[in-house]
Amino acid sequence: MTAQTDTPGSVTTVYKVSGMSCGHCEGAVSGELSELPGVTSVKAVASTGEVTVVSTTALDEEAVRAAVDEAGFELAGRA
């Protein structure tokens, strides 16, 4: 899935993250991604491995990858 604009001034992107297995994992990934500039909302779902990020502009995928790595997981790409 590519980034899509939901409302004026926001971009929603869904990423696949491997290795998440519980709520703690979801929190770790969400916490790191929330710190990226422009991010307004993050929802991680361990059961599907999907992380939905809402931001004011499209995010740099390398920055997203670095944040996911910092949380201890691997960005598999966009869903």
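Considered as a group, the residues in the range 6-26 that are over 20 Å from Gly77 (Cβ atoms) and either surrounded by 13 or more Cβ atoms within 10 Å (Cβ to Cβ) or not small (Gly, Ala, Ser) (or both) include one that is modelled with the lowest pLDDT, and that residue is Asp6. Filtering Val39, Val14, Val54 for residues that are of a type outside the set (S, T, N, Q) and free of Cβ contacts under 8 Å to residues at least 24 places away in the same chain leaves a single hit, Val39.
Here's the yes/no breakdown for (1) in a helix (DSSP H, G or I); (2) under 9 Å from the mean Cα position of the chain (by Cα); (3) at positive phi; (4) of a type in the set (Val, Ile, Thr):
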residue	(1), (2), (3), (4)
Val14	no, yes, no, yes
Val17	no, yes, no, yes
Met20	no, no, no, no
His24	yes, no, no, no
Gly31	yes, no, no, no
Ala58	no, no, no, no
Val64	yes, yes, no, yes
Asp69	yes, no, no, no
Ala76	no, no, no, no
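Going by the structure shown, is Glu50 out of contact with any strand residue (DSSP E or B) (no Cβ under 9 Å at 6 or more places or on another chain) and either exposed (fewer than 12 other Cβ atoms within 10 Å of the Cβ) or on the phi < 0 side of the Ramachandran plot (or both)? Outline the logic, then answer.
Numbers: out of contact with any strand residue (DSSP E or B) (no Cβ under 9 Å at 6 or more places or on another chain): no; either exposed (fewer than 12 other Cβ atoms within 10 Å of the Cβ) or on the phi < 0 side of the Ramachandran plot (or both): yes.
No: the conditions fail for Glu50.
So which residues in the range 57-79 are of a type in the set (Gly, Ala, Ser) and without any contact (Cβ under 8 Å) to a residue 40 or more places away in the chain? Spell out the reasoning first.
At the first step, the residues of the range 57-79 found to be of a type in the set (Gly, Ala, Ser) are 58, 63, 66-67, 71-72, 76-77, 79.
Scanning the range 57-79 gives Ala63, Ala66, Ala67.
One residue stands out among those in the range 42-51 that are small (Gly, Ala, Ser) and in contact (Cβ under 8 Å) with a residue 12 or more places away in the chain: the one that is nearest to Pro8 (Cα to Cα), which is Ala44.
The values are calculated or read from the model by the stated rules, or taken from the named source; none is laboratory data. Keep in mind that what you see is a predicted model, and the values were worked out from it rather than measured. Note: ideal-geometry Cβ built from the backbone for every residue, glycine included; neighbour counts use all protein chains shown.
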